[in-house]
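Below is one structure, written out as structure tokens; comments come after it.
The values are calculated or read from the model by the stated rules, or taken from the named source; none is laboratory data. All figures in this text were calculated on a predicted structure; none of them were measured in a lab. Glycine also receives a Cβ, built like all others from the backbone with ideal geometry; neighbour counts cover every protein chain displayed. Side chains are part of the model used for accessible areas, which takes the heavy atoms of the whole protein and leaves out ligands, DNA and RNA. Shrake-Rupley method; radii C 1.70, N 1.55, O 1.52, S 1.80 Å.
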Amino acid sequence: MEAMSSLRVPLLLAVLLSVALCQYDDYDYRPVNMLGPSGPNCHVECDCPIGFPTAMYCDSRKLKSFPVVPTGIKYLYLQNNQIDEIKAGVLDNVTAELRWLIMDNNLLTNSKVAKGTIDKLSALEKLYLSDNQLTEPIIPSSKALEELKIMNNKLTKFPSGQLNNKENLTSVNLQHNELTSEAVSGAFKGAKRLLSLDVSHNKLKKLPTGIPNSLEILYADYNDIDSVAGGYLNKLPALKYLRISHNKLVDSGIPAGVFNVSTLVELDLSFNKLQSIPEINEQLQQLYLQANEISKFDLMSFCKYVGPINYSHLKHLRLDGNNLTQASMPIESVNCLREASEILFNENS
């Protein structure tokens, strides 16, 4: 699943008689030499390859100021610089045409991002602002926005309503910030097609509320969550992957059957304070419970009934780092967990 958060950079590759638009996972891929010299209208400290005239590469140039962007640029790469300000006017030429703005690893603060710059970009599809110093998100007006990444900043709030009308937004990454449960309450309601939300490494005390029912992936690792509200997953009928590892979950905070939903494929509850195995659905395939305080292997958590068509489809189960040994498994486990290819207990157990 980690590959879903990798940066994909569009490049126009000249291949013999044809030119094809491709994407690369390499963040620092440089096409400039291959595509020839820079165009005449490009900023002096950047490269606008003639072979790919809609892209402007200003990444890793030790820039301290945001360059003026010429007309026709759709893909703007400014990552790995020292830019701490976006002045009014620098994006005026591309307000209606810029599609990608990559500004990871700079020095941006909210107070130095002029109104009418990022917020006025009406065609933006991808906005990457990770590794800056923002305390709240900067959201473009674009209804075409698909990906929003503001990781490793200082976000303390995400006002509700900022994602209204963002019906094409499918992925939001906000890990490694200082967001609380109150700060994100209702923040994602407007993104009605949201598929992936990552709020790991924040200060949440409960899972975010007001999430669109389209969500398939929710990561909330490394927070302060000690409970899951009853019926929470019933409000997310498309959810497949749920990670709440490295939190403060206890048995009393897990209502009966809260994880017993048929859509879940992966559930990660590792590194918490659970003393028993929560009830899961027979359709679950991956269950991670390592590093808890579990001392009993309750087969009813996996199978209420066992028969030709009633059994768990679990393939991977981790129970290492608990007070369990392989001998804790009842004999009936063979039939219940007949599809399991890996069940991990403590070493030498």
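State yes or no: is L11 crowded, with 17+ Cβ neighbours inside 10 Å, under 22 Å from L124 (Cα atoms), modelled with pLDDT under 95 and aliphatic (A, V, I, L, M)?
Working: crowded, with 17+ Cβ neighbours inside 10 Å: yes; under 22 Å from L124 (Cα atoms): yes; modelled with pLDDT under 95: yes; aliphatic (A, V, I, L, M): yes.
When the stated conditions are applied, L11 passes them.
On the basis of being farther than 27 Å from R61 by Cα and in a loop (DSSP other than H, G, I, E, B), does K115 make the cut?
Working: farther than 27 Å from R61 by Cα: no; in a loop (DSSP other than H, G, I, E, B): yes.
Judged against the criteria, K115 is not a match.
Are any residues in the range 99-125 more than 15 Å from F66 (Cα to Cα) and aliphatic (A, V, I, L, M), and if so, which ones?
The answer is L121, A123, L124.
Pull up the range 326-341, narrow it to residues that are open to solvent by 60 Å² or more (accessible area, probe 1.4 Å) and polar (S, T, N, Q), then point me to the one that is farthest from L269 (Cα to Cα).
N335
From the list Y222, Y232, which one is of a type in the set (F, W, Y), under 24 Å from F302 (Cβ atoms) and in contact (Cβ under 8 Å) with a residue 24 or more places away in the chain? Lay out the reasoning, then the answer.
Details: Y222 fails: under 24 Å from F302 (Cβ atoms).
Going through Y222, Y232 in turn, the sole match is Y232.
Examine the range 304-313 for a residue that is among the β-branched types (V, I, T) and either modelled with pLDDT of 95 or more or under 27 Å from the mean Cα position of the chain (by Cα) (or both), and state whether such a residue exists.
no
Could you tell me which residue of the range 312-325 is nearest to E282 (Cα to Cα), considering only residues that are part of a loop (DSSP other than H, G, I, E, B) and open to solvent by 40 Å² or more (accessible area, probe 1.4 Å)? Walk me through how you get there before you give the answer.
First, the residues of the range 312-325 that are part of a loop (DSSP other than H, G, I, E, B): 312-315, 319-325.
After this cut, where a residue has to be open to solvent by 40 Å² or more (accessible area, probe 1.4 Å) as well, the list is 313, 315, 321, 323, 325.
Numbers: H313: 6, K315: 11, G321: 24, N323: 24, T325: 23 Å.
Looking at the filtered set, the residue picked out is H313.
At pLDDT 95 or above and outside any loop (DSSP other than H, G, I, E, B): which single residue out of L287, L249 fits that description? Walk me through how you get there before you give the answer.
Values: L249 fails: outside any loop (DSSP other than H, G, I, E, B).
Result of the check over L287, L249: L287.
From the list D268, D298, pick out the single residue that is surrounded by fewer than 20 Cβ atoms within 10 Å (Cβ to Cβ) and either acidic (D, E) or under 19 Å from L174 (Cα atoms) (or both). Full working, then the answer.
Numbers: D268 fails: surrounded by fewer than 20 Cβ atoms within 10 Å (Cβ to Cβ).
Selected residue: D298, the only one of D268, D298 that is surrounded by fewer than 20 Cβ atoms within 10 Å (Cβ to Cβ) and either acidic (D, E) or under 19 Å from L174 (Cα atoms) (or both).
List every residue pair whose Cβ atoms sit under 7 Å apart, with the two residues 6 or more apart in sequence or on different chains, where the first one lies in the range 183-206 and is among the acidic types (D, E) and the second, anywhere, is outside any helix (DSSP H, G or I).
Matching pairs, first to second residue: D198/N173; D198/L174; D198/Q175; D198/Y219.
Looking at I118, I73 in this structure, which one is open to solvent by less than 50 Å² (accessible area, probe 1.4 Å), closer than 23 Å to L194 by Cβ and at pLDDT 95 or above? Break it down stepwise before answering.
Values: I73 fails: closer than 23 Å to L194 by Cβ.
Answer to the check: I118.
Of all residues in the range 301-311, count the ones that are in a loop (DSSP other than H, G, I, E, B) and crowded, with 16+ Cβ neighbours inside 10 Å. Please lay out each step first, then the result.
Looking only at the range 301-311, we keep the residues that are in a loop (DSSP other than H, G, I, E, B), and these are 302-311.
Cutting the leftovers down to crowded, with 16+ Cβ neighbours inside 10 Å gives us 302-303, 306, 311.
The number of residues fulfilling the criteria is 4.
For the range 251-263, which positions are surrounded by 15 or more Cβ atoms within 10 Å (Cβ to Cβ) and more than 18 Å from F302 (Cα to Cα)?
G253
For the range 77-101: of the residues being within 22 Å of the chain's Cα centre (by Cα) and under 20 Å from N41 (Cβ atoms), which is most open to solvent (accessible area, probe 1.4 Å)? Quick ask: steps written out before the conclusion?
From the range 77-101, those within 22 Å of the chain's Cα centre (by Cα) are 77-80, 99-101; that's our starting set.
Among the residues that remain, those that are also under 20 Å from N41 (Cβ atoms) are: 77-78, 99-101.
Details: Y77: 3, L78: 0, R99: 81, W100: 11, L101: 0 Å².
Once the filter is applied, the top-ranked residue is R99.
Looking at the range 47-65, which of its residues are more than 28 Å from the chain's Cα centre (by Cα) and crowded, with 22+ Cβ neighbours inside 10 Å?
D47, C48, P49, F52
Would you say S130 is open to solvent by less than 20 Å² (accessible area, probe 1.4 Å), among the small types (G, A, S), assigned to a loop (DSSP other than H, G, I, E, B) and within 30 Å of E182 (Cβ to Cβ)? If you could, list the steps in order and put the result at the bottom.
Values: open to solvent by less than 20 Å² (accessible area, probe 1.4 Å): yes; among the small types (G, A, S): yes; assigned to a loop (DSSP other than H, G, I, E, B): yes; within 30 Å of E182 (Cβ to Cβ): yes.
Spelling it out, S130 is indeed open to solvent by less than 20 Å² (accessible area, probe 1.4 Å), among the small types (G, A, S), assigned to a loop (DSSP other than H, G, I, E, B) and within 30 Å of E182 (Cβ to Cβ).
Which condition number does V334 fail, the rest of (1) in a loop (DSSP other than H, G, I, E, B); (2) farther than 23 Å from Y222 by Cα being met?
Condition not satisfied by V334: (1).
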